[in-house]
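Report on one structure; see the data block that follows.
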Amino acid sequence: MNAEIGHFALILAFAVAVFQMIVPMIGAAKGWTGWIESARPAAVAQMGLIAISFAALTMAFVTSDFSVKLVFENSHTAKPLIYKISGVWGNHEGSMLLWVLILALFGAAAAVFDANLPPSLRARVLSVQGAIGVAFLAFILFTSNPFLRMESAPFNGRDLNPLLQDPGLAFHPPFLYLGYVGLSMAFSFAVAALIEGRVDAAWARWVRPWTLAAWVFLTIGIALGSWWAYYELGWGGFWFWDPVENASFMPWLLAGALLHSAIVVEKREVLKSWTILLAIMAFGFSLIGTFIVRSGVITSVHSFANDPERGVFILAILAVFVGGALTLYSARATSMQAKGAFAPVSREGALVLNNILLAVSAFVVFIGTIWPLLAEMLWDRKLSVGPPFFEKAFTPFMIALAIVLPLGAIIPWKRGKLDRVFAPLRSALVFAVAVMLLVYAVSTGHSALAVIGAGLGAWLIGGSVVDLWLRTGNSGWSRLFRLPRADWGKAISHGGLGVTFIGVSLLMAWQVEDIRVAQVGETFTVAGYNITLENVEELPGPNYDSTVATMSVAKDGRQVALLHPEKRVYPVQAMPTTEAAIQNRLFRDLYLVIGDPQQGGGWAVRSYIKPFASWIWLGSALMALGGLISLSDRRYRVAAGAVRTANAIRPAE
Amino acid sequence: MRYLILCLALLLTGPSWAVQPDEVLSDPALEARAREISKILRCPVCQGETIDESNAPISRDLRLYLRERLVAGDSDSEAVKSVTDRFGEYVLFEPPARGINWLLYLAGPVMALLALLIGWRFIRSRNDPESDATTLTPEEKTRLERLMRD
């Protein structure tokens, strides 16, 4: 019964979405208040209905209702509860349902919280949001219904892919979707503004928090996925330039560009049409990401469903929305007059450069990702584009970005002088050079990667500190904690980028790997660490069998760690996974993996010393934290609150 | 990130986790070269994994073959060529900058130059105090001020 309720609620949500798409748009065009206002209850109702539907599916998973085909295919009674829940979105149909749930959540949030929006703009935003809902609800109902029943219910299910039974991966998809779908708000605002024919500072201010939120979620989602890969795959890789990783990385880069260009629109009323274009492209790339994952045109481990029918459907959605928005854009873009004037050396100029670097680097990722597809279609060549290409083609843009970022962050609006901007940054430069010399001195082989990466990272961190310091003006420390939160957010995010730079470059340059056969009781040395394989035993888990090794690690005669790497076999899916044992420390990770028993006795053992690995995710966390702090800035809250009070007072007059 | 379901499935036919201890060459210099090369070669049956990371039996065969070639005295490029001769350019993760692939390598720099040129022209066009005209209606102004206040 539950599944039918869920299915029915989804159909109702589709009907509501159709209403939400059409009625407010007509109302806004004709100026009919009732029709305009109907957008808000519609958005809330759509959200409620999809939430019911999602709850029904979750219920089916939690209670292991194997008469529902999706539950049978992706769940098992022995699975821990948290993975029964995360199993809801660990498959194509359920993840699409989560996608539309989040879409509707954003729509409802805009309906409820953005009280400050002019009614006609809000009606149009919600109408566009409704249109996206219509498209994806239709996609689910017609090609990927999660509520299909089995003719007879089996006793148990096939279990979720064991690789997905992991806390890091349980929450990776929801965050990514919050990011992808958050960009739909920027898209809806862009299209609504094109229809209205005006883009101004107020518009930019409404768009910014949505974009910032989407970017924060994307940052968290991407970092979770990369962290998961690091500890789960058994050799500590953290980024593979896999098509699906790229699919999430491109919207992240474009969202980063968008939230910077929206600042220029808000403060100076220039870059309007570019910002609109970026908003359209950022969401377009989210759709392309969805297309890549679902269609299987680009082979990737992430692809749930290599189903051409679904791929064509999503391609059609992509064509209609991005094509439609771009057509509207070409018709209306000229009407958006830039207002502010500025000199080339100015904050505006710096942010233009920021946008160029981020957008072009996203383009490089894009061309590398689709090149195999193009080459096969146009020239009949089957080829691969992988990490070596991306590392060469992408890195220069990041280096350029890191060099100019601290300068751009403190340069004045309208007109600046390079020498005056540079003066306060001298201390940051000295810091960066000192770090480079230190890294050069301790680095065996004097790796250029380590020196440049760490130097740029130090430059970014030093630049952020200088930025904060300059904001306090002459009043010094006392002012520091009374700065607007947006200033803190900006400095923390930029500093976080520097931390990630240091982590990536030092890890890649300095990591030490050891692969060997170790007998039980044997001690071997890796980069100064004495590692002993103490014993290996077989232990049963809740829904897997495990081979657990006990390994002790000593340095200079003192034990520093006792680690338990595991190898699991999940009998239902007959699939092994590695559970590396990792000791995280600020300056290095110890990373041990137990392999298979060897014919001549002993076990295959891999040991890695990974310097600065945690800095990659520490930096990502700082970037996300900076975004959240900016999001909590008074400016966003006060503006909304002020108008609400004004409205509340009016009837009493 | 979710890795190699296919390869993991293949793994069941015979245990082999990426580079195995018995594959490692005794000469560290040769082994280092082998590792570098195996990081740019794609596992032909997996989905986007290098033979260095892959658990598929064919990747193990390729790793062993590669090491045989190196021990026999092949240069890096000769060893790579002997693999691509069999499996085609598909196994190269870094496509050779030949023929149409030049487009791939030039696309980024050309786009960057183009973007810088357009960006520069735009910036120049804004470097004109005359264009700093405000055309808001008074009503819009008050609304904008209310929003921007604070």
Anchor A:Lys567: lysines whose Cα lies under 28 Å away (excluding residues fewer than 8 positions away in-chain): A:Lys79, A:Lys84, A:Lys555, A:Lys610, B:Lys39
query: Between the DSSP loop rule and a limit of at most 11 other Cβ atoms within 10 Å, which chymotrypsin sites (Phe, Trp or Tyr not before Pro) in the stretch A:399-502 are left?
result: A:Phe481
- request: Work out the charge dipole of chain A with +1 on the Cβ of Lys and Arg and -1 on the Cβ of Asp and Glu about the Cα centre, then indicate which of A:Ile461, A:Thr334, A:Leu218 is farthest towards its positive end.
  value: A:Thr334
- line: Rounded to the nearest 500, the 222 nm mean residue ellipticity computed for chain A from DSSP H runs (n ≥ 4, each -39500 (n - 2.57)) alone is -21500 deg cm²/dmol
DSSP-loop trypsin sites (Lys or Arg not before Pro) across the stretch B:29-118, with at most 13 other Cβ within 10 angstrom: B:Arg98
statement: Residue by residue through the stretch A:332-344, the couplings from Karplus 6.51 cos²θ - 1.76 cosθ + 1.60 with θ = phi - 60°, in Hz, x for Gly and Pro, are 9, 4, 5, 6, 8, 7, 6, 10, x, 9, 7, 7, x
- prompt: How large is the dipole of chain A about the Cα centre if only Lys and Arg carry +1 and Asp and Glu carry -1, each at its Cβ, rounded to the nearest 20 debye?
  reply: 2860
- request: Pairs of Cα atoms under 8 Å, at least six residues apart: use those to get the relative contact order of chain A, whole percent.
  value: 11
query: Calculated FRET efficiency, A:Ser335 and A:Glu37, Cβ-Cβ r, R0 22 Å, to nearest 0.05?
result: 0.20
task: Might you report the magnitude of the Cβ-based charge dipole of the stretch A:319-427 about its Cα centre, with Lys and Arg at +1 and Asp and Glu at -1, to the nearest 20 debye?
output: 540
message: With the crude spin-label approximation of a point 7 Å out along Cα→Cβ, what separation in nm comes out for A:Ser552 versus A:Lys30?
response: 8.2
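Between A:Leu378 and A:Thr63, what FRET efficiency comes out of the Förster formula 1/(1 + (r/R0)^6) with R0 = 45 Å and r the beta carbon distance, rounded to 0.05?
On the way: r = 51 Å, r/R0 = 1.13.
Efficiency, from the Cβ-Cβ distance: 0.30.
Rounded to the nearest 0.05, what FRET efficiency is calculated for A:Leu539 and A:Ala400 with R0 set to 60 Å and r the Cβ-Cβ distance?
Values: r = 51 Å, r/R0 = 0.86.
So, using R0 = 60 Å, E works out to roughly 0.70.
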field: Between the stretch A:264-295 and the stretch A:104-129, the alpha-carbon center distance in angstrom
entry: 19
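What does the charge add up to near A:Thr369, with Lys and Arg as +1, Asp and Glu as -1, over the other residues with Cβ less than 14 Å from its Cβ? Spell out each step's value before the answer.
Numbers: positive: none; negative: A:Asp242, A:Glu245, A:Glu376.
So the environment of A:Thr369 carries a net charge of -3.
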- request: Give me A:Ser64, A:Ser152 ranked fewest to most by other Cβ atoms within 10 Å of their Cβ, as a rough exposure proxy.
  value: A:Ser152, A:Ser64
Cβ-based charge dipole, the stretch A:167-363, positive-most Cα from A:Val345, A:Ile292, A:Val191: A:Val345
message: Which residue, B:Pro21, B:Cys46, B:Ile58, has the largest displacement toward the positive end of the dipole of the stretch B:15-63 when charges sit on each Cβ (Lys, Arg +1; Asp, Glu -1)?
response: B:Cys46
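Scan the stretch A:448-517 for trypsin sites (Lys or Arg not before Pro) in coil per DSSP, keeping those whose Cβ has at most 14 other Cβ atoms within 10 Å, and list them by number. Show your work: numbers first, answer last.
Values: sites: A:Arg471, A:Arg479, A:Arg482, A:Arg485, A:Lys490, A:Arg516; in loops: A:Arg482.
Answer by residue number: A:Arg482.
How big is the charge dipole of the stretch A:1-165 about its Cα centre, in debye rounded to the nearest 20, if each Lys and Arg gets +1 on its Cβ and each Asp and Glu gets -1 on its Cβ?
Values: 9 positive and 8 negative charges, 57 e Å.
Dipole about the Cα centre, nearest 20: 280 debye.
Could you tell me which of the pairs A:Lys267/A:Lys490; A:Lys267/A:Lys414; A:Lys272/A:Lys414 are separated by over 20 angstrom between their Cα atoms in the structure shown? Before the final figure, lay out the partial values.
Working: A:Lys267/A:Lys490 16 Å; A:Lys267/A:Lys414 11 Å; A:Lys272/A:Lys414 16 Å.
Beyond 20 Å: nothing from the list.
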query: So what's the net charge close to A:Leu507: Lys and Arg +1, Asp and Glu -1, counting the other residues with Cβ under 15 Å from its Cβ?
result: 0
- prompt: How far apart, in nm, are the 7 Å Cα→Cβ label points at A:Val442 and A:Leu470?
  reply: 3.0
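Readers should treat all values here as calculations from the given coordinates under stated rules, not as data from a laboratory. Here the structure is a predicted model, which is why all the values come from computation and not from measurement. Neighbour counts are summed over all protein chains in view; Cβ atoms, including those assigned to glycine, are modelled from backbone coordinates with ideal geometry.
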